[in-house]
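The values are calculated or read from the model by the stated rules, or taken from the named source; none is laboratory data. All values reported here derive from a predicted model rather than from experimental measurement. FYI the Cβ positions are ideal-geometry reconstructions off the backbone, even for glycines, and counts take in every protein chain you see.
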Amino acid sequence: MAFCAREDPWSSNNPEYALQALLSALNLGDHTTAREFLGPRTRQFLADNTQQRQEALGNPTPITPETDLLAGLFRVWTPATVEVERLETIERTEDHAVVQVHSVFGDQTEVRLDRTADRWTIELVDEPIATSE
């Protein structure tokens, strides 16, 4: 899927633009930009996953969430691994949206987006992250 910005994906009122921008950034290998479109629960999940892999491997070279982003998304999120045919918003409120991703092979995946600070972010983790007290 080629990204053609009809609106600024950072501030667009259309959640599909944010999701399209994330997929395009992943396709281009721009992990820094891709990470900016992820919501806080997803970022925390990927950071925790990266730390667990680091500890399990005993790797002397640090793995950062940015360098592990694509591998982490491949493990938890199908649209990161497929060729997308089209996006379709199937639910939407002021602060939440669900966009259906249609692959060229006919598969469909629903993606939740949350609107915070006047922009859409993609949440791939449904459950809140437990915080230590």
Just checking, which of Arg75, Arg6 is among the basic types (Lys, Arg), at pLDDT below 65 and assigned to a loop (DSSP other than H, G, I, E, B)?
Arg6
Leu38 fails exactly one of (1) in contact with a Pro (Cβ under 6 Å, 6 or more places away or on another chain); (2) at pLDDT 80 or above, namely (1)
Looking only at residues in the range 19-57 that are touching a residue at least 40 places away in the same chain (Cβ under 8 Å), part of a helix (DSSP H, G or I) and of a type in the set (A, V, I, L, M), which one is nearest to Thr116 (Cα to Cα)?
Leu19
